[in-house]
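Working notes for the structure below.
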Amino acid sequence: MLDTARRVSTPEGIELTLYLAGPVPRALAWAVDFFLRAAVVIAVLMVAGYFGWAGVGMALLVAFVVEWLAPAWFEVLWNGQTPGKRALGIAVVHDDGTPVRWGPALTRNLLRAVDFLPFFYGFGLAAMLISRDFKRLGDLAAGTVVVYAPGKAPARSLPQAPPQPPPVPLSLEEQRVVLELAERSASLTQERLEELAELAAPITGRAAGAASAARLLGMASHLAGRR
C-alpha cells in the first residue's frame with residue numbers, strides 16, 4: 001500500500017514515529033467521504049425542489065459547505081479525521097505530529113480543487129508518488145501529512161532468530177538500523193539481505209554471507225527483548 005514511517009522530534013526532545021498512509025487507504029477514505037457528501041447533497045436537493053429558486057440557492061450553499069468546509073471542520077474537531085479517514089484508521093496531522101489546526105485544515109481542503117486537475121486527482125496522485133511523505137499539493141501547502149491513527153499502524157514483526165547480544169554497545173541510531181533491516185528482511189531476497197548485512201561487518205565480525213545475515217537478525221531479536 002506504499003506506506004512507510006517517518007520520525008519527528010518534539011520541542012521537548014521526544015521522538016515520535018509517524019506511520020504515513022499511502023495513496024490506497026487515502027483513496028478509500030476519500031471514496032467513503034464522497035458518498036457521504038453526495039448523500040447529504042442529494043437529500044437537500046430533494047427538499048429544495050419544493051422551494052423554487054430559494055431552494056436552489058439553499059442547495060448550492062449546502063453543497064459548498066459540505067464539499068469544502070465540512071471536511072476541515074471534521075479534521076479539526078475529530079482529531080484529524082473525516083468520517084472516511086476514521087473508517088480507514090488514518091488522520092491528518094502537522095509535519096511535526098501535532099494536531100491539525102484551522103488554517104492548515106482549510107488550506108489543504110480548498111486546494112483539493114487543484115489536486116483534482118487535470119481530472120480525478122491527477123496532480124494530487126502525481127505529487128504523492130514523488131513525495132517522500134506521500135503529500136498531495138494541499139499537504140505541501142498546508143504543512144500536513146496523513147498518518148495511521150494510534151493503534152492502526154501497519155503490523156511490523158521481526159523474523160524468528162536466536163537472540164545474540166551485539167559484541168559492542170550500539171547507539172540508538174545503530175539499534176534502529178538493525179531493527180529496521182530485520183523488519184524488512186522478509187521483503188528482501190536472500191542475496192540482498194546478505195549484501196546489506198555485510199555492511200555491518202564492524203558488529204557482525206568476520207562472518208560473511210548467510211552467517212552475517214543470521215547474526216544480524218539475532219542481534220535484532222536481542223534488541224527487541226527476546227531472550
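The values are calculated or read from the model by the stated rules, or taken from the named source; none is laboratory data. A quick note: this is a predicted structure, and the numbers were derived from the prediction, not measured. All Cβ positions, glycine included, derive from the backbone under ideal geometry; neighbour counts span all protein chains shown.
Results, tabulated for the structure shown:
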{"read-out": "Helices (runs of 4 or more DSSP H) contained in region 101-182 and holding at least 3 residues under 20 Å from Leu77 (Cβ atoms) and in contact with a Gly (Cβ under 8 Å, 6 or more places away or on another chain)", "value": "102-110"}
{"read-out": "Qualifying residue in region 200-209 (condition: at pLDDT 80 or above and surrounded by fewer than 19 Cβ atoms within 10 Å (Cβ to Cβ))", "value": "no"}
{"read-out": "Pick from region 119-146, criterion free of Cβ contacts under 8 Å to residues at least 24 places away in the same chain and aliphatic (A, V, I, L, M), ranking: nearest to Val8 (Cα to Cα)", "value": "Leu140"}
{"read-out": "Selection count where residues are modelled with pLDDT under 85 and at positive phi, scope region 132-187", "value": "1"}
{"read-out": "Exclusive hit being touching a strand residue (DSSP E or B) at 6+ places or on another chain (Cβ under 7 Å) and either surrounded by 13 or more Cβ atoms within 10 Å (Cβ to Cβ) or closer than 30 Å to Arg176 by Cα (or both), set Gly22, Gly80", "value": "Gly80"}
{"read-out": "Test: residue in region 85-93 that is more than 15 Å from the chain's Cα centre (by Cα) and assigned to a helix (DSSP H, G or I)", "value": "no"}
{"read-out": "Residues of region 126-139 classified as surrounded by fewer than 16 Cβ atoms within 10 Å (Cβ to Cβ) and under 15 Å from Arg26 (Cβ atoms), total", "value": "3"}
{"read-out": "Those residues of region 53-86 which are touching a helix residue (DSSP H, G or I) at 6+ places or on another chain (Cβ under 8 Å) and of a type in the set (Val, Ile, Thr), in sequence order", "value": "Val56, Val62, Val66, Val76, Thr82"}
{"read-out": "Answer residue from region 156-186, given it is exposed (fewer than 11 other Cβ atoms within 10 Å of the Cβ) and of a type in the set (S, T, N, Q) and is farthest from Arg7 (Cα to Cα) among those", "value": "Gln160"}
{"read-out": "Neighbours by Cβ (under 8 Å, 6+ apart or cross-chain): first from region 93-118, not assigned by TED's automatic domain parsing to the domain that holds Trp73; second in a helix (DSSP H, G or I)", "value": "none"}
